[in-house]
1. Placing +1 on the Cβ of each Lys and Arg and -1 on the Cβ of each Asp and Glu in region B:107-152, which of B:131, B:147, B:119 has its Cα farthest towards the positive end of the resulting dipole?
2. Please label the shape of region A:182-307 as rounded, prolate or oblate, based on the square roots a ≥ b ≥ c of the eigenvalues of the alpha-carbon gyration tensor (a/c under 1.5 means rounded; beyond that, a/b larger than b/c means prolate, else oblate).
3. Just check region B:274-368 against the gyration tensor rule for me: Cα atoms, a ≥ b ≥ c as the square roots of the eigenvalues, rounded for a/c under 1.5, and otherwise prolate or oblate depending on whether a/b exceeds b/c.
4. For chain B, what is the largest minus smallest coordinate of the Cα atoms on each principal axis, given in angstrom and ordered from greatest to least?
5. Where the convex hull is taken over the Cα atoms of region A:158-240, what is its projected area averaged over directions, in nm²?
6. Round to the nearest 10 and give me the degree value, 0 to 90, for the angle of helix A:311-335's Cα axis relative to the longest principal axis of chain A.
7. Could you tally the net charge around residue A:8, taking each other residue with its Cβ under 13 Å from the Cβ of residue A:8, Lys/Arg +1 and Asp/Glu -1?
8. If you take every residue apart from residue A:293 with its C-beta less than 12 Å away from the C-beta of residue A:293, what net charge results, scoring Lys and Arg +1 and Asp and Glu -1?
Amino acid sequence: MKHWLFEEEHEILRKTVRRFVQKEIGPQVAAWEEAARFPRELFRRLGELGFLGLACPGEEGGGLDHPAQAVFLEELARCGSGGVWASVCAHLVSAMPLVGRLGTGEQKERFLTPAVRGESVAALAAVRQEASRGDACAVVAVREGDHYVVNGTQTGVLNAGLASYVVLAARTGPADGDLTLLVLEKGLPGLEVNGRRAGVGWHAADLADLALTGCRVPVAGRLGEENRGGTYLDEGLAWERLVVALGAVGAADLALTEALQYAGQRVQFGRPLAKFQVIRHKLVDMATAVERARALTYHALTRIARGEDAGTEAAMARLVACQTGVAVADEALQIHGGYGYITEFPVERYWRDARVAVSAGGSSGTMREIIAGRLWEGSYGLQGPGEEVGGRP
Amino acid sequence: MGHYFFTAEHEELRRAVRRFVSEEMRPEAEAWEEAEYFPDQVLHRLGELGFLSLRYPAEYGGRSGDLFMSVVVFEELARCGLGAIPLAVLVQMEMVPPPVLRFGSEEQKARYLGPCIRGEKIACLGITEPGAGSDVAAVQTRAVRDGGQWVINGRKIFITNGVRADFILLVAKTDPAKGHQGVSLFFVDKGTPGFAVTRKLKKLGMRSSDTAELVFEDCRIPAGNLLGEENKGFYQIMWELQGERLFGAVSAVAGARYTLERTLELVKTRVGAGSPAGHQLAERAAELEAVRQLVYGTIWKVAHGEYPVKEISMCKLAGAQAACRATDLALEVLGECGPTAENAVQRSWRDARLNRIGGGTDEIMKGIIAGLLEI
C-alpha cells in the first residue's frame, strides 16, 4: 500500500532491505533464538551494506533522511526476531546518534566511525525514572580531577555484552534529572558486564547487566556538557518511540503474512481455513489493524521528517502499534491452531516478542501519562482542568 | 472462598491435596520446567494417595465420589504453578478412564481402568493427527481386522503424556466409507512392535508436559483390544470430549486465579495500594469469578445427569479467554514492577494460552454454541 511520505528512492530501499532480510537474516533467526545468541557478524554485514550510516547524516554516513531510516527499521522488523531487531536498534537508534549529535571530532572518530562500519558495537545504558518505577537513576558519577568515578548498576542493557563501548547516563548532581552522559570503553577497570538469562522473548538480543565499582572514566569521555544528559536523552525520545512503533508494525505485518499463508494452505473440513468466513474476517481485522497502526506511525514520522514536534504523535503511535502487535500476533497464533503452540513454527516467538515490545523503553502506562500531559495543550485548543487556559492538569 | 457445592468432605480433600502440592510439588516445579519433563513418579504418587480415583467406583479402586471431588483436585493442582500437571492429570483422570468405565469389558477395566486411576499405568489418548485437528472426523489412522488381530497404520500428533504413557487409547478408522461413524477405539500398549514415539514436541508453554508425535506401522494388537463396539468410537468418546473441556476450564480458571493471587501480593509489596493497574486487575478478577460460578453450575448439572453441551462449550470458551486475559495483564503489570517474580507469571501466561486451542479451539466452541443457539 503506497504512502504519501515515501519517494521512489525509499521504495527501492524498501525492496532492497526486504530482500536482504529474507535472504540473509530470516533463515538464520531460529538458530540464533535457540542459542539465545546475537550474531556479532550481523553488525559487520549491516555496516558493509551501508545501513548503519543511516543514523548519521553528514560526512560519517549516507546523509539519509528519517523516512529512509524508518524504511530500514520497519523492514528489519520483518526478520522475525524481536531480539535481533532490538539489538540493531540499540546500536543504530539509541547509542550512535548521541555520539553523532554531541561528540567532538575526536569522539566521533573514535566511537562513531567504527560503529558505522559495524566494527564496534554501541550500547546505551540510560534508565530514567518512570511513572511506575519510583527508582531514580541507579548510577552515580563523582568528578575527581580529570576523571569521573562511577558507581552503580544497570540491568538489562541491550548490547552491553557485545559492545565496545557503552554510553552511560550517570547522576552527577543532587536532582534526579542531573544526568551526565559518559562513554565507557570495555576493559575499563571497575566495569563489569554479566550476562543475563533470557526472559519471555527477545531471546536473540544481546542483553547484559552492568556493574560499576569505582570505575574511572576520563572527562574526555563525556558527551556534551555535565548535567545536561537528561535533556540530550529527551531530545531523542520521540524518535525512539517512533522506532519502537515501526518495529511493532513490521513485526505485526510479518505475523499477518504468515497467518495468511497458513490459512491458505491448511485444509480442514474439506477446505482451506481461508474459506471459512470467520477466519477470513479475522484476517481482515488483523490487516486493518496493522494499516491503522502504520498510518498513525507514518503520520508521526511525517511530523518528525518536517522537523515538527511529534512528542504526542510518537507516543500515541508507540501505544497503538505495540498493542496492535500483541493482538495480531495473538490472532496469528490462534489461526495456526496446535501448530501455533509448538516451536517448530515461528508464530509463538512472534507472540512472545510482541509482549516484550509493549514494555520496552517505557510501558503503556508511561505512554499514557505522556499523552495525558499534552491532552489539554495546543492542538486540542481546550481549556484544561488546571488554573490557566491550556494548563496541564 | 467457600462455596455451597463443597461439603466438609470436599474441604478435607482440598486441604490434603494442597498440602501435597506445597510439600511435594511446588519446590520442584521450576526444575521440572527447566528439564521439560516432570517425573512419572508425580502421577504414581497422586494415584497412590488416591487423588486420581475419587469419583470412580470403589470396585476399581475409587471412592464413588462426585464430580466436585475432581474439581477440588484440579483446583489444588493448579497451585503447583505448572499448567503441565493439571493437563497430564486431565488425560489420566478425566479423558481416558470415562469411556473405559462405560464401555470396557471387565477384563479391560482390570487391565487399564484400575491401573490408570491408581496411577500405576500412565495413559494417553490418541485422537489428533497432522491432518485432523479441529476436523476430528478426518482421522486417517487405519485399523484393519486380520484374523485374531487388528493391524494399525497411521500417525498421531499433540498427544499429551504420549512420551511417557504405558498405553494409548487410540482412535482409528475401521470403516473409511462412513466418516465419523466408521471410527473405533483401541488399547495399544507401549512396546508393541510397530508403535513408536517419533518426537517429543517443543512447546510455547506446558513445557514439563510431554507432547508426542506417534507412529503406527503395521502395529498388531489382539482383537480383545477393541474398546466397546466397532464403529461406535465417536459416540463412545463424546463424553470424554465434554469432560476434557469442562475440567480443562476448571484448570484454566484455577491457574489464572492463582496467578492473580500472586500478582496482587507482588503489586502490593512493590508498588503499594492504589496502583494504576487496580481497575484492570479488578476487571480480570470479576471475569474469573463469573466464569468460576458458571463452571461450578455446569458441573452441578452434569453431576445431576444432564448433558449440557452448550454450557460446557461456554465454560471452555469463557474460561480459556478469561485465563489468557488475566495472565496477560499479570505479566504486563509485573513488567512494570521489575523482573523478580516474572518467571512464574510468564510461565502461567504461556501455559494459559493452550486453553484457547487444545481440546477444541475458541472458534470450534463458538461454532457449537452458535449451532445450539440455532443461528
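1. It is B:119.
2. Oblate shape, in that a/c is at least 1.5 and b/c is the bigger or equal ratio.
3. prolate
4. In descending order, the Cα extents are 73, 48, 40 Å.
5. On the way: hull surface 26.6 nm².
Seen from a random direction, the Cα hull of region A:158-240 projects 6.6 nm² on average.
6. Roughly 40 degrees, rounded to the nearest 10.
7. Spelling it out: positives minus negatives among the neighbours equals 0.
8. For residues surrounding residue A:293, the net value is 0.
Values quoted throughout were computed directly from the atomic coordinates according to the rules given, and no laboratory measurement underlies them. On a predicted model such as this, the values are computed, not experimentally measured, just so you know. Neighbour counts are summed over all protein chains in view; Cβ atoms, including those assigned to glycine, are modelled from backbone coordinates with ideal geometry.
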